[in-house]
Each structure stands twice: as C-alpha cells, then as structure tokens.
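Below you'll find the structure, written out as structure tokens, and then a few comments.
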Amino acid sequence: MKAAFIGLGAMGYPIAGHLAKKFPTSVWNRTFSKAETHAKQYGSQAVHFNQVAAADVIFSCVPVSRDVDNLAQELLPKLRAGTIWVDHTSGEPELARKTAAMLAEKGVRYLDAPLSGGVAGAEKGLVTVMVGGAEEGLEAVRPLLETYAAKIVHVGPVGAGHAVKAINNGLLAAHILLLAEGLSALVKQGVSGKLALEVINASSGRSNVSENLFPARVITRAFPRTFALGLLAKDLGIAMSVLQQAAVPAPLLRLTREIYQLAALELGKDVDHVEAAKLAERWAGVEIR
Ligand code: NDP
C-alpha cells in the first residue's frame, strides 16, 4: 500500500517518519523544504501536491478542519475511487462529515482519526488514535497506523473521533488550570511546588499533567513549545460544539473554555499550552517551583 502524508508539523513530521520506514510514503508540506528534509531523514519521497492523489491512503495532520476541507477540495479532481483519507487533525465533527460526504462522491472513504500522546508520543511511535468512520476502512489502514500507534480505538461514525479528542483536550486544559491554581496557592503559603507535586503524584489528585507536564515544564520553567496554546483553545471551541449538540449542562468545561480564550489573548496563541499555568501564577503573584 502506498501512503501520502500532508502536514509535516510537530505531530505529522515524526508520524510520517515511522510510516516511511515501513511503507512507501510520499510527503507534501506547505513549506516544501520540510518535505525535502523529511525525505532525506526518513527515505520518504517529497512530491508536488497533486501527486499526493496517487497514494492508496492519504494522511493529513494540519491545524483545523477548514484546512483539511480546502486541501480535499483542491485534490478532488485527481482523487481515485478506493482511496482512504485518514485525517489526523484534531478537527470539527460537523465539518468532517461534510468533507466525508464530498469525498464519498468520488468513492474516497474518510476517517477522522485524531491523535493523542503529544510530540513525545509521536516521536516514540506510541500515540493513541481515536477513529470515526467505517470500521472496514479502519481495518484496511490499521497496518499503517500500527507503525506509530500504541492504541487504536474505533469510537463510532465519522465525527466521533473528533468529538472524543475535543473532550479529552477539554480535560487536559482543565487539569492544567486546576493544578496551577492549587499549586500557586500552596507556593504562596510557603510550600515547595516540587514537594507538593511529589505528594500529589502519590495521591488521588494525580494526572498526566501532574505526573509528566508540570515536573518537566513548570517546575523547571523550561516550557518547551510542543503544542500551541492556540491549538488547545481551538480544541476547547470544538468541545463546546459537542456539548451544544448533546444539549447537556457542563459548567466546568464551559468555564475552562472561557479561561483559555483569555489565556490565548493574554499570553499569545503561539506559546506552549502548559504556559496557561502562568495565568494562575499571575493571579497569585508567585512562580510554581
Ligand atoms: P504545527 O503547527 O506544528 O504544524 C501544522 C502543519 O500544518 C505544518 O506542517 C503546516 O505547514 C501545515 N499547515 C498549516 N496550515 C496549513 C494550510 N492552510 N494548508 C496546508 N498545510 C497547512 O501543528 P501540530 O503538528 O502541533 O498540530 C497538527 C494537528 O494535530 C492540530 O490539529 C493539533 O491540534 C493536533 N495535535 C497536536 C498535538 C501536539 O502535541 N502538537 C497533539 C495532538 C494533536 P507549514 O510547515 O508550512 O507551517
């Protein structure tokens, strides 16, 4: 099976690298030099955009669903029946359904297949993939996904993968804020943030945020840029549309969204998502160390 990968960003670059080691893989990126570097590093083939359509499986990993839909529209005249489009973007269920319907008219199956596990997971080839769309489509591409995924879960029809991802990221965002608020209060009262984390991580309040993100990024003040705050704020917007469609009260998730909109305004969209903790630090007038 021939693969093509669109979008060699923080996630796409390493993922396409794992793929290229096992399957013939063409790569295309808006900034084309990245595709050429990828080809040198992993043995993929940097191709012009239209040549992406020659693949049996087309992958995309770009910021938002609007980008995916535009790319699919542009490629549409060249696409061949039987192709499967696997979209690793963290996107919008509703727009994904429209893209899927447009592709279906050409006989192309679309799977929304967002990723979790972060850049570290992508580099190690250990991401989780949550897939919406036809199950037989997933079974056809599973061997390709297995080159970089530790877990692949079919969660429902088209759009379901995006919905699960948006709620997951709502939880991530909430955990960052909650921990930053709690630790800021403790630091203000003279408790070491590092020691408080040691306790929390051996107790019931722990999470991936407390076990991995805060020790490596906040306590050290390193704040490496792996996942833009603007992209997390985008995911919270998608979570809001999921809540809206379900018509359920969800005050905590809605408040989290409000605060991330403020965080993106105050800190900028390009900082790392974990820097949202700096809002709570500012409110308390401390640094968590
Ligand atoms: P990056 O900003 O690192 O990369 C974005 C990629 O998309 C780049 O290759 C960029 O090209 C390309 N791109 C941007 N806009 C367009 C466009 N209009 N048309 C074509 N290509 C475009 O993003 P990430 O890799 O971090 O994120 C990609 C997706 O994965 C997002 O939906 C994000 O929410 C999700 N995600 C990110 C995670 C992370 O930890 N970073 C974790 C899980 C999911 P160029 O090089 O030219 O800028």
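Give the residue that is surrounded by the fewest Cβ atoms within 10 Å (Cβ to Cβ), with candidates limited to residues of segment 191-239 that are of a type in the set (Val, Ile, Thr) and within 12 Å of the ligand (Cβ to nearest atom). Per the criteria, the residue is 226.
Taking the condition surrounded by fewer than 24 Cβ atoms within 10 Å (Cβ to Cβ) and farther than 25 Å from residue 101 by Cα, does residue 25 pass? Answer is no for this residue. Filtering 243, 279, 255 for residues that are loosely packed, with under 13 Cβ neighbours inside 10 Å, away from the ligand (no atom under 16 Å from the Cβ) and in a helix (DSSP H, G or I) leaves a single hit, 255. Among the residues in segment 260-276, are any more than 24 Å from residue 123 (Cα to Cα) and among the acidic types (Asp, Glu)? Yes: one or more hits.
Suppose the filter is touching a residue at least 40 places away in the same chain (Cβ under 8 Å), away from the ligand (no atom under 16 Å from the Cβ), open to solvent by 10 Å² or more (accessible area, probe 1.4 Å) and farther than 19 Å from residue 245 by Cβ; does residue 160 pass it? Give the steps one after another, and end with the answer.
Values: touching a residue at least 40 places away in the same chain (Cβ under 8 Å): yes; away from the ligand (no atom under 16 Å from the Cβ): yes; open to solvent by 10 Å² or more (accessible area, probe 1.4 Å): yes; farther than 19 Å from residue 245 by Cβ: no.
Against the criterion (touching a residue at least 40 places away in the same chain (Cβ under 8 Å), away from the ligand (no atom under 16 Å from the Cβ), open to solvent by 10 Å² or more (accessible area, probe 1.4 Å) and farther than 19 Å from residue 245 by Cβ), residue 160 does not qualify.
For segment 13-33, filtered to residues that are in contact with a helix residue (DSSP H, G or I) (Cβ under 8 Å, 6 or more places away or on another chain) and within 20 Å of residue 69 (Cβ to Cβ), the residue that is farthest from the ligand (Cβ to nearest atom) is 28.
Applying the set (1) closer than 22 Å to residue 156 by Cβ; (2) part of a helix (DSSP H, G or I); (3) open to solvent by 20 Å² or more (accessible area, probe 1.4 Å) to residue 128 leaves exactly one unmet item: (2). Figure legend. Inter-residue proximity from segment 57-68: first residues farther than 17 Å from residue 27 by Cβ, second residues more than 6 Å from the ligand (Cβ to nearest atom) and β-branched (Val, Ile, Thr), beta-carbon distance below 8 Å, spacing 6+ or different chains. Indicated pairs: 65/99. Considered as a group, the residues in segment 163-190 that are hydrophobic (A, V, I, L, M, F, W, C) and farther than 22 Å from residue 254 by Cα include one that is least open to solvent (accessible area, probe 1.4 Å), and that residue is 183. Only a single criterion out of (1) open to solvent by 60 Å² or more (accessible area, probe 1.4 Å); (2) within 11 Å of the ligand (Cβ to nearest atom); (3) closer than 21 Å to residue 97 by Cβ is not satisfied by residue 7, namely (1). Given the condition over 29 Å from residue 244 (Cα atoms), part of a loop (DSSP other than H, G, I, E, B) and within 16 Å of the ligand (Cβ to nearest atom), answer yes or no: does some residue in segment 150-157 qualify? No: zero hits. Pairs are defined by a Cβ separation below 6 Å, a sequence spacing of at least 6 or placement on different chains, a first member in segment 124-148 that is β-branched (Val, Ile, Thr), and a second member that is in a helix (DSSP H, G or I); the pairs so defined are 127/121; 129/145; 131/138; 131/161; 147/18; 147/19; 147/22. Checked against (1) out of contact with any helix residue (DSSP H, G or I) (no Cβ under 7 Å at 6 or more places or on another chain); (2) surrounded by 15 or more Cβ atoms within 10 Å (Cβ to Cβ), residue 82 meets all criteria but (2).
Residue 186 meets each of the listed conditions (1) farther than 23 Å from residue 119 by Cα; (2) touching a residue at least 40 places away in the same chain (Cβ under 8 Å); (3) part of a helix (DSSP H, G or I) apart from (2).
The values are calculated or read from the model by the stated rules, or taken from the named source; none is laboratory data. This one's a predicted model, so the numbers in the text were calculated from it and none came from an experiment. Cβ coordinates were reconstructed from backbone atoms using ideal geometry, including for glycine residues, and neighbour counts include every protein chain displayed. With ligands, DNA and RNA removed, areas are computed over all heavy atoms of the protein, side chains included. Shrake-Rupley method; radii C 1.70, N 1.55, O 1.52, S 1.80 Å.
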